[in-house]
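The values are calculated or read from the model by the stated rules, or taken from the named source; none is laboratory data. Treat the numbers as computed from the prediction; the structure is a model and nothing was measured. Note that we place each Cβ from the backbone using ideal geometry, even for glycine, and neighbour counts take in every protein chain shown.
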Amino acid sequence: MNIPAHAPLHLLHSTAVGTLATHARQPEGFPYPSVLPFAPDPLHRPTILVSRLAEHTHNLHADPRAGFLVVDAPDGDVLNGQRVTLLGTFEPVDPTPELVARYLRYQPDAERYLALGDFTFWTMKLDRLRYIGGFGAMGWLDGDELDPLPALDSGEEEALIAKFADAASKSGGYQLIGVDRYGADLRLNGARKRLAFDSAKPDMESLHATLGDCIWSQTN
């Protein structure tokens, strides 16, 4: 195994769309891939918003085991780009105000689907994942190896976003949409940008200082 530190985690924050592979009901047992937007939850796991009428939703109700593929190949060179395949089970989650607010920061266009009342949130519980970052950089991880540190709670993240929102906007018009112990997520004109920290920040003091430095660096 030769995986750059936290590379799979950062990839899950850099990409807005993934491929969900469920088990088809008809014809039974076949993989059923579909492309859909997602947002990483505080544990960096994909959270999806799906219609109750969608085929993949019916498939998940019948068998929650699934694969989820995320790819970043900005130059179109998929074989030399980054990709991670996640294996696990999807579980429906309650649309708490905190979950909805976070998802809409990452996927603002989803607000129109929420208004329909037909869509539900599901989050993936990870069993294993395989990351490929180009030639010689690949390997398997167990789900609990993705992030061994405790996640920020919604109040901590929202406080950091409120604190640095103006600074992010002044550094090129970015919107600060998410913060975790390993980096921060920005959005500009619909495109997402990941600011990766040099190391994990285990406490709010170091996280606060590093986040300020990273946002300030966007103006220089």
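Can you tell me which residue is farthest from Lys193 (Cα to Cα) among those in the stretch 91-109 that are surrounded by fewer than 18 Cβ atoms within 10 Å (Cβ to Cβ) and aliphatic (A, V, I, L, M)? So, considering only residues that are surrounded by fewer than 18 Cβ atoms within 10 Å (Cβ to Cβ) and aliphatic (A, V, I, L, M), the one farthest from Lys193 (Cα to Cα) is Val93.
For the stretch 1-53, a residue qualifies if it is exposed (fewer than 15 other Cβ atoms within 10 Å of the Cβ) and under 27 Å from Ala200 (Cβ atoms), and the qualifying residues are Met1, Asn2, Pro4, Ala5, Val17.
I'm trying to understand the selection: among the residues of the stretch 56-67, which are surrounded by fewer than 21 Cβ atoms within 10 Å (Cβ to Cβ) and under 17 Å from the mean Cα position of the chain (by Cα)? Gly67 - this is the single residue of the stretch 56-67 that is surrounded by fewer than 21 Cβ atoms within 10 Å (Cβ to Cβ) and under 17 Å from the mean Cα position of the chain (by Cα). Of all residues in the stretch 49-80, those satisfying the criterion of being part of a loop (DSSP other than H, G, I, E, B), hydrophobic (A, V, I, L, M, F, W, C) and touching a strand residue (DSSP E or B) at 6+ places or on another chain (Cβ under 9 Å) are Ala54, Ala73.
For Val70, are the conditions met, namely being farther than 20 Å from His208 by Cα and buried (at least 19 other Cβ atoms within 10 Å of the Cβ)? Against the criterion (farther than 20 Å from His208 by Cα and buried (at least 19 other Cβ atoms within 10 Å of the Cβ)), Val70 qualifies. Among all residues of the stretch 93-110, there is at least one that is assigned to a strand (DSSP E or B) and either closer than 22 Å to His58 by Cβ or not assigned by TED's automatic domain parsing to the domain that holds Ile177 (or both). Checking each residue in the stretch 137-171 for being within 19 Å of Val70 (Cα to Cα) and out of contact with any helix residue (DSSP H, G or I) (no Cβ under 8 Å at 6 or more places or on another chain) picks out Met138, Gly139, Trp140, Asp142, Gly143, Asp144, Glu145. State yes or no: is Asp166 under 19 Å from the mean Cα position of the chain (by Cα) and surrounded by fewer than 17 Cβ atoms within 10 Å (Cβ to Cβ)? So Asp166 fails the test. For the stretch 143-174, give me each residue that is touching a residue at least 24 places away in the same chain (Cβ under 8 Å), over 20 Å from Arg192 (Cα atoms) and not in a helix (DSSP H, G or I). The answer is Leu146, Asp147, Leu149, Ala151, Leu152, Asp153.
For the stretch 179-211, the set of residues classified as among the hydroxyl-bearing types (Ser, Thr, Tyr), more than 11 Å from Leu152 (Cβ to Cβ) and either at pLDDT 95 or above or part of a helix (DSSP H, G or I) (or both) consists of Ser206, Thr210, listed by residue number. I'm checking my understanding of the structure. Among residues of the stretch 119-151 that are crowded, with 19+ Cβ neighbours inside 10 Å and aliphatic (A, V, I, L, M), which one is nearest to Arg102 (Cα to Cα)? Residue satisfying both the conditions and the ranking: Met124.
So, in the stretch 117-137, exactly how many residues are farther than 20 Å from His6 by Cα, touching a residue at least 24 places away in the same chain (Cβ under 8 Å) and not in a strand (DSSP E or B)? Looking only at that region, the number is 1. The single residue among Ala115, Ala110, Ala137, Ala151 that is of a type in the set (A, V, I, L, M, F, W, C) and either within 30 Å of Ala209 (Cα to Cα) or in contact with a His (Cβ under 9 Å, 6 or more places away or on another chain) (or both) turns out to be Ala151. Criterion first (surrounded by 16 or more Cβ atoms within 10 Å (Cβ to Cβ), assigned by TED's automatic domain parsing to the domain that holds Thr19 and touching a helix residue (DSSP H, G or I) at 6+ places or on another chain (Cβ under 8 Å)) does Gly88 satisfy it? Considered against the rule, which asks whether it is surrounded by 16 or more Cβ atoms within 10 Å (Cβ to Cβ), assigned by TED's automatic domain parsing to the domain that holds Thr19 and touching a helix residue (DSSP H, G or I) at 6+ places or on another chain (Cβ under 8 Å), Gly88 comes out as yes.
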